[in-house]
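Read the figures in this text as sums done on the coordinates, not as results from a lab. Predicted model only: the values in this text are computed from it and were never measured. Here Cβ is always computed from backbone atoms with ideal geometry, including for glycine, and neighbour counts include all displayed protein chains.
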């Protein structure tokens, strides 16, 4: 009994924190399904007492908005190729850095580790200038390249750590048999590294999907290519809409990364831990 | 248009995969025609070259150019430290600097406290999965969506009106006056940091959770058998094991705090004294179109992460030995 009493503070802290973290999400989801008159006149928690007045109309209104539905697909068109590019180019580089000896190897590796935490803000002014000259601003190709450049240091670092742990005999045995570097890469390294590649891909996918700053700067002015984060922040900035519209737009914007994250969270956590536990 | 985007996504992905494969296979074969030594020397660059080129073009060169421009005036002449003097004498930058310090102190501290407390305490109850899930889910939520969620939580109606936002409903139910959390300068920076903590605490918890599994169970058992209280066992056995993890989490959160942009942009756009360095820089770049000024702010931001960068590189050298 005394032991149970002593555990009360533990329960209070845990349940309190869990509520603080869960309630905002619950409020978001509930409000997104309430009609505008209800959102204006009562709190979302009161809707549990008056059941039956939930609606899907908000989503209809958001998706009918100029370019909102398109924004969802813009996000996909930004994020999927950018992620695939980052993983592919990062994996090739990580293999060279972990599996081959060459001059400048450690210089390259240390530069990449140093660049992981560079605030991307420092690069924006010159990059934007060059992009304007090359007419890459507002293009998908342009934003893929920016995300690639910004994502690579972490990608190479994470995969390098993983590749470095693969027993070297695996490569060497294949090379003895006359396999070339690229054969070793495609038939040994990539299959063995599948978990690390999955972890990085998911991490990168969620990270790129949720980016606002890069999209604002390199796609921002062009409505027909704006991804979800830009579209939703535009809705917020215009201040013309009720909470039912803003919340349903926010729900739409988190559906895809949330689904990816929940379905593949074990990989995501592995990527997270591999990325930070050594850095 | 939507069909176009789907086609583009699929086509680009296919081109990247096939192109990448062809590049490495054909490049490899071309290099193999070289004398043996040439292949050894050049093959690594076949693989690492694209990444190195991208990192130099997208990160390293622009960073150097930005630092250079921060010493150049509007007309293109050498400005010395004029841009720095101008930005540092500006009230807006000073507020941003003060706020950035506030972010850097509070976000890592709170993230470590919440993440550690939940990771440690959740092990003792049967509903730990639920508590962890609550902290975990916001990780996948963008700062933009989190900005909407918390603007809605913090929303304010004048006294007397129905408080339809959660926080003020709680405050008024407890008999208090409603607070304009986001406008009131006494609360707004804390409100923004709190919203960011909500998205970040899950990271901290996951990392601590993994680190806790490396604490040897026998040591804890021994301490308990010797009559140590739960707190003493935590303080003297668990905590020393977690110190490196605390450092890792705190550094990661410090960098997050320094780079903070999205939440502030969405929730206040830097109004009401909530600017941080990133929002000041964004406005210098897009509203004032002043490259020198934006460069100076970005350089200040960059300088703040240099110490962390050095620590990271040193630690990496120590761990890999070879590098």
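Just a few scattered comments:
- Calculated SAXS-style log₁₀ I(q)/I(0) at q = 0.06 Å⁻¹ - the protein assembly as shown, Debye, Cα scatterers: -0.34
- Computed over region A:67-276: relative contact order in percent, which uses C-alpha pairs under 8 Å that are six or more apart: 34 percent
- The protection proxy used here, the mean number of other Cβ atoms lying within 10 Å of each residue, ranks peptides B:262-271, B:300-309 as follows, highest first: B:262-271, B:300-309.
- What the Cα convex hull of region A:2-55 gives, in volume per residue, is 93 Å³.
- Cα centroid separation, region A:168-187 to region B:15-69 (Å): 20 Å
- Counting only DSSP H runs of at least 4 residues, each contributing -39500 (n - 2.57), and dividing by the residue count of chain A, the helix-based mean residue ellipticity at 222 nm comes to -23500 deg cm²/dmol.
- Largest GNM mean-square fluctuation across B:98, B:36, B:224, computed for chain B with C-alpha springs under 10 Å, falls on B:36.
- Neighbouring Cβ atoms from other chains, within 10 Å of the Cβ of residues in A:105-112, number 5 on average.
- Degrees between helix A:8-32 axis and first principal axis of chain A (Cα, 0 to 90, nearest 10): 80 degrees
- Using a Gaussian network model of chain B in which every pair of alpha carbons under 10 angstrom is joined by a spring, one finds that among B:25, B:94, B:126 the greatest mean-square fluctuation is at B:25.
- For peptides A:134-141, B:216-223, B:56-63, B:152-159, sequence by mean Cβ density within 10 Å, most packed first: B:56-63, B:152-159, A:134-141, B:216-223
- Ranked by how many other beta carbons lie within 10 Å on average, peptides B:192-201, A:36-45, B:13-22 from highest: B:192-201, A:36-45, B:13-22
- Annotation for residue A:132 and residue A:61: the two label points, set 7 Å from Cα along the Cα-Cβ direction, are 3.8 nm apart.
- The shape of region A:49-147 can be summarised by an equivalent ellipsoid whose semi-axes, obtained from the alpha carbon gyration tensor, come to 41, 20, 14 Å from longest to shortest.
- Sequence-distant contacts, meaning Cα pairs under 8 Å at least 6 residues apart, place the relative contact order of region B:1-89 at 13 percent.
- Relative contact order computed over region B:82-320 (Cα-Cα under 8 Å; 6+ residues apart), in percent: 30 percent
- The distance separating the Cα centre of region B:112-159 from that of region A:214-270 comes to 19 Å.
- Backbone N within region B:5-20 under 13 Å of label point (7 Å from residue B:26 Cα along the Cβ vector): B:18-20
- Near-label residues of region A:1-23 by backbone N, under 13 Å of a point 7 Å along Cα→Cβ of residue B:173: A:20, A:23
- Per-residue mean of C-beta atoms belonging to partner chains within 10 Å, peptide B:40-47: 6
- The long axis of helix A:228-238 is offset from the longest Cα principal axis of chain A by roughly 40 degrees.
- Cα-based shape type of chain A, given that a ≥ b ≥ c are square roots of the gyration tensor eigenvalues and the cut on a/c is 1.5: oblate
- Euclidean distance of C-alpha centroids, region A:124-164 and region B:218-233, integer Å: 51 Å
- Prolate/oblate/rounded label for chain B (Cα gyration tensor, a/c 1.5): oblate
- On Cα atoms only, tilt of A:105-115 relative to the major axis of chain A in degrees: 10 degrees
- For the peptide B:249-259, the mean number of other protein chain Cβ atoms found within 10 angstrom of a residue's Cβ is 2.
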